[in-house]
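The values are calculated or read from the model by the stated rules, or taken from the named source; none is laboratory data. In this text, all values refer to a predicted model and were calculated from it rather than measured experimentally. Every residue, glycine as well, gets a Cβ built from its backbone with ideal geometry; the counts of neighbours run over all protein chains shown.
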Amino acid sequence: MNMWEYAPAPESRDIANLKPAYRPFIGGEFTDGSGEPLKTINPATEEVLAEVSTASASDVDKAVRAARRAYDKVWGKMPGAERAKYIFRIARLIQERARELAVLETLDNGKPIKESRDADVPTAAAHFFYHAGWADKLDYAGLGPHARPLGVAAQVIPWNFPLLMLAWKIAPALATGNTVVLKPAETTPLTALVFAEICRQAELPPGVVNILPGAGDIGAELVNHPDVDKIAFTGSTEVGKLIQRSVAGTHKRLTLELGGKAANVVFDDAPLDQAVDGIVNGIFYNQGHVCCAGSRLLAQESVVDELLEKLRYRVSTLRLGDPLDKNTDIGAINSAEQLAKIRELTESGESEGARRWTSPCPLPDRGFFFAPTVFSGVEQSMRIAREEIFGPVLSVLTFRTPDEAVAKANNTPYGLSAGVWTEKGSRILWMAGKLRAGVVWANTFNRFDPAAPFGGYRESGFGREGGRTGLEAYLDG
Amino acid sequence: MRTRLGGMATATLPAGLADAIRDDASLRRFLHGLPGVDQVGIEQRAASLGTRSIKKAAKLWAIDTAISMVDLTTLEGADTHGKVRALAAKARRPDPERPDTPPVAAVCVYPDLAATAVEALRGSGIGVASVATAFPSGRSGRDVKLADVALAVRSGASEVDMVIDRGAFLEGRYGQVFEEIQAVKAACGDAHLKVILETGELGTYDNVRRAAWLALLAGGDFVKTSTGKVSPAATLPGTHVLLQAVRDWYTATGELRGVKPAGGIRTTKDAIRYLVAVHEVAGPEWLTPGLFRFGASSLLNDLLLQRRTQLDGHYSGPDYVTQD
Amino acid sequence: MAEQRRARVPVAKTYKLYVGGQFPRSESGRSYPVSDAKGRFLANAAHASRKDVRDAVVAARKAFPGWAGATAYNRGQVLYRVAEMLEGRREQFAAEVAASEGISGGKAQSVVDTAVDRWVWYAGWTDKIATVLGAANPVAGPYFSFTVPEPTGVVGVLAPQRSSLLGLVSVLAPALASGCTAVVVSSAQRPLPAITLSEVLATSDVPAGVVNVLTGRADELGPWLASHGDVDALDPTGAGAEARTELAREAAGTVKRVLTVPAGEPDWTERPDIARLRRYLEPKTVWHPMGG
């Protein structure tokens, strides 16, 4: 057999313009935060990338005041057509700095460069382009001719898509005339702070966007600040519930985009090779750090063996390693903490009796990596079928009939996404109707677009991001 | 009416596949029972694999491998003995100044020129492939097609590139296509049979997959995308479908069969994308001229130029390789 | 006539709950006297308990797939039929509203008329709201992507305490029009119109379990609805201002949708918008590739 080893093809880390230190962005200025500084690391090497000055409670207050001032004095009353131009500028600048942002994202997050380059950053720019155009058309947002912004939006985002989640939050907020205080995730603050530079480059009025690096306690300070009008949170269901509790009885409007345990349902008449690609994309994209990941494969019993054989071969071709390498398919797990969680859950899968298959791909000596893993023989009652693993671990269950597929797919408190694979059109539409999930991908998976609303049912949260519907989260009708 | 499908020894096939070729109806059922191919999905996968970045030693290895997989082709009405001899010389020594350059796999010509090619390549180990069966349209009677094959074989061709009857295929007369391939295979004797599906005329990836399985069931050693006379010729996603078919065939039977994209592959960059697909869709076992070929003419010179660039560290120019 | 009626001993009424299409007594066996605005006894109403909430949620969940899965046209027909029946009981409703709310007969009549009209308004929305809130999403790729609003599920409705019919209709009809099923806690002091509405619903084409009406105290039953794992949304209108905060906290345990409602009871005669429909609908986005 011929062995063809692809030579390393790393993107240069110099492109990231990495600086030794980063600071919070408040009222249009980078200022020293009075919180405990944090060191952000490259999860692929465990090396410190930069020291990041973090916000304290008093910085939160400063940022909210700056946002309030900007809202009252400038942004809230600026004609939509003018706001639009700032947002368009931001979109353009993201495109111009795309390579820098992509490399920086990969360094800070651990995701493969091909994903940050081909998905995260271009889609982030697309979100600003899309929403920029809405800013002077809000009369058509479906809330009547008198739709008004809410005021100051507090936004807390996760570490899995740092820049993209920022775009999902900030673009609609700005387009609808709100001002923003955003807290990026503790482990991935860098692209958000480069985004702050972009806001300055775009000459966005000071205070319209404020970025506060910090840990969960700063997120809590932010959402509990009395002068915040709107909270948008993407993250775990556990923290989402805490936030929902904490805003109970206040005037604050809330949207939550939380966890998921999506079923990817494959019927025996599916386009099998594309289904395999879709399953792989569904669970191994971004190391499985995706809230809408297709983490439960529901395969029809009549096709499960053939499907698993194809799946294992396909997974074995996935290239795990240096996230900066352009040929890497699976990058690093974002943190030691997350890696430990994935390990703990996979161990529970084994001890509960599921059959484990792990790709034979070699693992780097350092950094946080986890080889793609497929559990077959999984039953609904096992933890790996119920809990969100948020890693490259797939649980395979089987079903016999469409009704059973629906029943198993819906048998979870979550309801973010679902996949269906069959070439029978009628069944697709039937399944799409029955699946209790905010997004249903049929014969595809993990598609995102600023024009398509995204968000969950049940404990996956409420409110939508994207499309006309997404504007509702930031407007008062 | 149940028509028994002719001749082939089915004893070696696993039960499911032997059953598939029992008669016309079962062949049809089998082909229509193959999993569908989603166009958007396969094109996306092909595009995504197409972003692999192959550098340095991996690139040089790919270039040499690609050269060794070229079926250097001339299929023009204006082909002459002289043209074929020139091509044969090129095949033996693609880059005369770089004797370490590997020879190509075969030279591919029309059957009336096969003897010339055989003569010019004697002792080189390079194959002679001859198209046959009323190439490129395949529109003639079975006897004429088989006579065409006989001419090629008689002239010493070691490989025969036949075309399937696309008309019959599109009419759903799969049994007829199957039997024709079998008949040609029988006429080939020891020569290897490549079955040209002309994917550009089949219209859908589903049809491409069915045609590929039909050719494999009928005994084709290779499935080949195109004649080069129809646009589109070879495409990356279409080749993915063929690679998937030979992999699935291998899973089902343990037999390795080959794939040959032909037409429209002109640059090293294209060729490397195809090799990546071979590597990751079918598997590393297929990275050999025995199981993968490029049907091409101008591709070879680009491979040679890129080879020089890799070895010399600077760009070369079109006049540093031979125009044949 | 009047002389004769006075001479007759009236049949005293003890009303029951409306759960799963049946009229059971409260599981607790409790009932309470209902008086008119001047304190005169009107009837006994069942005093629903935690377990009645439990049973009602089971009934509502069981009814949900059928109601949500019915065609929008059919839901509209069924709801319009309810309006016809309300119209038929116009006099009875007017009398109960007048007695419960202490308003004149003429005013009560007008309130009932508005309530019937409101029901008709919502009935007409069933097969239009998806057009207004749904979308074909122009995504950048070879996909057909569309978004349709789907009913949230089982809704817990704490009906207004003051507006016994118009308020009730204004909070219940949008839940039904959206395709949700409901567990309603009626006004505690003014439950008679809700009870009569139950009787209307029971004899209408509304499937059993789609609406379940509990008479009792919102402050007692609300927390059970708010924390219930099988209730998807909560309208806290009938709860007191302070209780609402606690309900919202309880609701967070299951990430329930909690309606934002005005602090005091609004003027229900004002024309509604589609805000309430919107809150009982979950936009679902579906993607499919487009290839030959």
message: Tell me yes or no: at least one residue of region B:211-222 is closer than 18 Å to B:ALA168 by Cα, touching a Leu at 6+ places or on another chain (Cβ under 8 Å) and within 14 Å of chain A (Cβ to nearest Cβ).
response: yes
message: Of the residues B:GLU97, B:GLU76, only one is outside any helix (DSSP H, G or I) and at pLDDT below 95; which?
response: B:GLU97
- request: Quick one: count up the residues across region B:47-69 that are more than 15 Å from B:LEU299 (Cα to Cα) and assigned to a loop (DSSP other than H, G, I, E, B).
  value: 6
Verdict on A:TYR22 being surrounded by 17 or more Cβ atoms within 10 Å (Cβ to Cβ) and not assigned by TED's automatic domain parsing to the domain that holds A:VAL194: no
field: Pair list, Cβ < 8 Å and 6+ apart or interchain, from region A:231-260 residues that are without any contact (Cβ under 8 Å) to a residue 24 or more places away in the chain to residues that are hydroxyl-bearing (Ser, Thr, Tyr)
entry: A:ALA248/C:THR245; A:GLY249/C:THR245
Matching residues, region C:270-292, being within 20 Å of A:GLY144 (Cα to Cα) and assigned to a loop (DSSP other than H, G, I, E, B): C:GLU270, C:ARG271, C:PRO272, C:ASP273, C:ILE274, C:TYR280
- request: Among the residues of region A:406-443, count how many are farther than 19 Å from A:PRO271 by Cβ and among the small types (Gly, Ala, Ser).
  value: 7
- request: Using the structure shown, decide if B:SER124 is within 20 Å of B:THR225 (Cα to Cα) and without any contact (Cβ under 8 Å) to a residue 40 or more places away in the chain.
  value: no
- request: Please enumerate the residues belonging to region A:137-152 that are in contact with a helix residue (DSSP H, G or I) (Cβ under 8 Å, 6 or more places away or on another chain) and charged (D, E, K, R).
  value: A:LYS137
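If you take the residues of region B:160-202 that are charged (D, E, K, R) and out of contact with any helix residue (DSSP H, G or I) (no Cβ under 7 Å at 6 or more places or on another chain), which of them is nearest to B:ARG28 (Cα to Cα)?
Checked region B:160-202; the qualifying residue nearest to B:ARG28 (Cα to Cα) is B:ARG173.
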- line: Scanning region B:247-287 for residues that are without any contact (Cβ under 8 Å) to a residue 12 or more places away in the chain and in a loop (DSSP other than H, G, I, E, B), the one surrounded by the most Cβ atoms within 10 Å (Cβ to Cβ) turns out to be B:GLU255
- prompt: Going by the structure shown, is B:ALA114 in contact with a helix residue (DSSP H, G or I) (Cβ under 6 Å, 6 or more places away or on another chain) and under 26 Å from B:THR288 (Cβ atoms)?
  reply: yes
message: Looking only at region A:218-240, filter to residues that are within 13 Å of chain C (Cβ to nearest Cβ) and surrounded by fewer than 19 Cβ atoms within 10 Å (Cβ to Cβ); which one of those is farthest from A:VAL290 (Cα to Cα)?
response: A:GLU238
- request: Considering each of A:PRO172, A:PRO122, A:PRO158 in turn, give the residue that is part of a helix (DSSP H, G or I), in contact with a Gly (Cβ under 6 Å, 6 or more places away or on another chain) and assigned by TED's automatic domain parsing to the domain that holds A:THR40.
  value: A:PRO172
message: Regarding region A:453-460, can at least one residue be identified that is within 8 Å of chain C (Cβ to nearest Cβ), more than 30 Å from A:GLU423 (Cβ to Cβ) and modelled with pLDDT of 95 or more?
response: yes
task: Could you pull out every one of the strands (runs of 3 or more DSSP E) wholly within region C:143-195 that has 3 or more residues that are away from chain A (no Cβ under 14 Å)?
output: C:154-158, C:181-185
task: Kindly indicate whether A:ASP268 is within 10 Å of another protein chain (Cβ to nearest Cβ) and either buried (at least 22 other Cβ atoms within 10 Å of the Cβ) or assigned to a loop (DSSP other than H, G, I, E, B) (or both).
output: yes
task: Being closer than 13 Å to B:VAL160 by Cα, without any contact (Cβ under 8 Å) to a residue 60 or more places away in the chain and surrounded by 22 or more Cβ atoms within 10 Å (Cβ to Cβ) is the filter here, so list the residues in region B:186-210 that pass it.
output: B:CYS188, B:ALA191, B:LEU193, B:VAL195
query: (1) closer than 18 Å to B:LEU299 by Cα; (2) at the interface with chain A (Cβ under 9 Å from one of its Cβ atoms); (3) not in a loop (DSSP other than H, G, I, E, B): which one isn't true of B:GLN244, the others all being true?
result: (1)
- prompt: Mind checking whether some residue in region A:33-48 is touching a residue at least 24 places away in the same chain (Cβ under 8 Å) and surrounded by fewer than 16 Cβ atoms within 10 Å (Cβ to Cβ)?
  reply: yes
statement: Subset of region C:101-142, residues touching a Ser or Thr at 6+ places or on another chain (Cβ under 6 Å) and part of a loop (DSSP other than H, G, I, E, B), comes to C:GLY134, C:VAL139
query: Any chance region A:96-112 includes a residue that's within 21 Å of A:ALA215 (Cβ to Cβ) and either of a type in the set (Ser, Thr, Tyr) or outside the structural domain of A:ALA147 (by TED's automatic domain parsing) (or both)?
result: no
Filtered residue count, region A:439-452, keeping only those that are more than 7 Å from chain C (Cβ to nearest Cβ) and more than 27 Å from A:GLU387 (Cα to Cα): 1
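For (1) part of a helix (DSSP H, G or I); (2) at pLDDT 95 or above; (3) within 21 Å of the chain's Cα centre (by Cα), each residue gets a yes or a no:
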{"site": "A:ASP273", "(1), (2), (3)": "yes, yes, no"}
{"site": "A:GLY282", "(1), (2), (3)": "yes, yes, yes"}
{"site": "A:GLY294", "(1), (2), (3)": "no, yes, yes"}
{"site": "A:LEU298", "(1), (2), (3)": "no, yes, no"}
{"site": "A:SER302", "(1), (2), (3)": "no, yes, no"}
{"site": "A:GLU306", "(1), (2), (3)": "yes, yes, no"}
{"site": "A:ARG312", "(1), (2), (3)": "yes, yes, no"}
{"site": "A:LEU318", "(1), (2), (3)": "no, yes, no"}
{"site": "A:PRO323", "(1), (2), (3)": "no, yes, yes"}
- prompt: B:THR227 passes all but one of (1) more than 14 Å from chain A (Cβ to nearest Cβ); (2) in a helix (DSSP H, G or I); (3) farther than 21 Å from B:PHE30 by Cβ; (4) not charged (D, E, K, R); which number fails?
  reply: (2)
message: Within region C:87-100, does at least one residue satisfy the condition of being part of a helix (DSSP H, G or I), touching a residue at least 24 places away in the same chain (Cβ under 8 Å) and more than 20 Å from the chain's Cα centre (by Cα)?
response: yes
query: Do we find a residue being closer than 19 Å to C:ASP117 by Cα, crowded, with 20+ Cβ neighbours inside 10 Å and within 14 Å of chain A (Cβ to nearest Cβ) anywhere in region C:262-273?
result: no
